[in-house]
Amino acid sequence: MIQRFIETALLGFLGGFLFNNLNLPLPWILGSLTFVMLWQGFTHREAYWPNAVKNIGLIILGLYFGLYFTISTFLSIGPYVFPFLFVTCILIFSSIAISMTITKWINVDDVTSVFGSIPGGLSEMVIASEALHANSSYVVIFQTVRLLTVLFVVPSVIILFFTESSVAIESITTPFEFGWNVLWFSFPALLGVLIRNKIPAGIVIGPLVLTALMNLVLNLATIPELLLIAGQLAIGIGLGKNISFADVKAGGKYSLIYFSVSLILICLSFLLGAFFSLITSLDLATAMLSVAPGGLIEMVLTAATVGADPAIVSALQLTRILVILVAVPPFLSWFFRKRSRTNNSTKVS
């Protein structure tokens, strides 16, 4: 186990190091993810990376994101909430409409298609789809394709068009001085551990929210850059370990179709982000990253890289996650059950 752990860690580091030297987006996450995923796919050797290590990385990133929040952030976020909910609902309903439309030409049922393409958490969408008797294995495959597409496309496009220097990252990661105030981080870290299985993405959201609140009244320490890199490596390796070629191949020709659906939704999210920027005072990069159907971690890191506002992106991406996880599964459950009853009554009559 120790040998495979060291092997996996070295692979992840090499991937991150190579991507970093090639100036590719989010190098320490995407580089480690790519190398571990390809290693497993071509060598058929299973990477070993305990969930505890990945969770430590998630806690580190949660602490890091929380440090961006200031009193002005909390005061300024209010005017953006309702316009953001409006564009988010458009994105969600567009996802539902597109994924239902394509089932007219492929042998995938509506429920499976919707849960496989909606921009929500993979595990949460799989669990919700099972309650409606969808093909959960297909949901896993299509959500994996969606995740990979978003992770590689969104940061690349944003960084390509918004190429400001990474001042935001440097401002909260350097210089680092070890002192007693570092101990304050133990409280949000402990909260993340306690609620990791109680709320979706609790391992990140708990440390982020508590760090943000503590940062309003306390002089919290900065996050060392090496620790930030280690956290990204832990997450990237964990993601790469859970993505297998076998799953993607199992979807066959459908994987390409749902890859296209993901690209359409990404393009739509960029348009909605531009509209969101027009109707609010947010700059274009911040608005687009807030609306993008990507992971919280990747979008906030991208925001820091291009000089957007990571705190605003964090707050709005959290809002999107909560809307999708809290409201969407019950809505889809009601919608499909009502649709099923309507179809049955039509057949009877």
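The values are calculated or read from the model by the stated rules, or taken from the named source; none is laboratory data. Here the structure is a predicted model, which means the values were calculated and not measured. Please note: Cβ atoms are built from the backbone with ideal geometry, for glycine as well, and neighbour counts cover all protein chains shown.
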Are any residues in the stretch 111-137 in a helix (DSSP H, G or I) and modelled with pLDDT under 85, and if so, which ones? 122, 123, 124, 125, 126, 127, 128, 129, 130, 131, 136, 137
Taking the stretch 294-339 as the region of interest, how many residues are under 23 Å from residue 56 (Cα atoms) and in a loop (DSSP other than H, G, I, E, B)? 2
Can you name the helices (runs of 4 or more DSSP H) wholly within the stretch 33-110 that have at least 3 residues being among the hydroxyl-bearing types (Ser, Thr, Tyr) and surrounded by 13 or more Cβ atoms within 10 Å (Cβ to Cβ)? 78-101
Condition test on residue 152, is it under 18 Å from the mean Cα position of the chain (by Cα), buried (at least 22 other Cβ atoms within 10 Å of the Cβ) and assigned to a helix (DSSP H, G or I)? no
Scan the stretch 182-192 residue by residue and report those that are modelled with pLDDT of 90 or more, hydrophobic (A, V, I, L, M, F, W, C) and surrounded by fewer than 17 Cβ atoms within 10 Å (Cβ to Cβ). 187, 190
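For residue 342, indicate whether it is part of a helix (DSSP H, G or I) and surrounded by fewer than 14 Cβ atoms within 10 Å (Cβ to Cβ).
Numbers: part of a helix (DSSP H, G or I): yes; surrounded by fewer than 14 Cβ atoms within 10 Å (Cβ to Cβ): yes.
When the stated conditions are applied, residue 342 passes them.
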Please find, among 263, 220, the residue that is aliphatic (A, V, I, L, M) and at pLDDT 85 or above. 263
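A quick yes/no check of all residues on (1) surrounded by fewer than 23 Cβ atoms within 10 Å (Cβ to Cβ); (2) under 29 Å from residue 109 (Cα atoms); (3) without any contact (Cβ under 8 Å) to a residue 24 or more places away in the chain:
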residue: 255; (1), (2), (3): yes, yes, no
residue: 258; (1), (2), (3): no, yes, no
residue: 275; (1), (2), (3): yes, no, no
residue: 280; (1), (2), (3): yes, no, no
residue: 301; (1), (2), (3): no, no, no
residue: 310; (1), (2), (3): no, no, no
residue: 313; (1), (2), (3): no, no, no
residue: 318; (1), (2), (3): yes, no, no
residue: 330; (1), (2), (3): yes, yes, yes
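Just need a number here: residues in the stretch 213-227 that are closer than 15 Å to residue 315 by Cβ and in contact with a Ser or Thr (Cβ under 8 Å, 6 or more places away or on another chain).
Residues of the stretch 213-227 that are closer than 15 Å to residue 315 by Cβ, as a first pass: 213, 215-216.
After this cut, where a residue has to be in contact with a Ser or Thr (Cβ under 8 Å, 6 or more places away or on another chain) as well, the list is 215-216.
Residues meeting the conditions: 2.
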For the stretch 217-225, indicate whether the set of residues that are surrounded by fewer than 20 Cβ atoms within 10 Å (Cβ to Cβ), under 17 Å from residue 298 (Cα atoms) and touching a residue at least 40 places away in the same chain (Cβ under 8 Å) is non-empty. yes
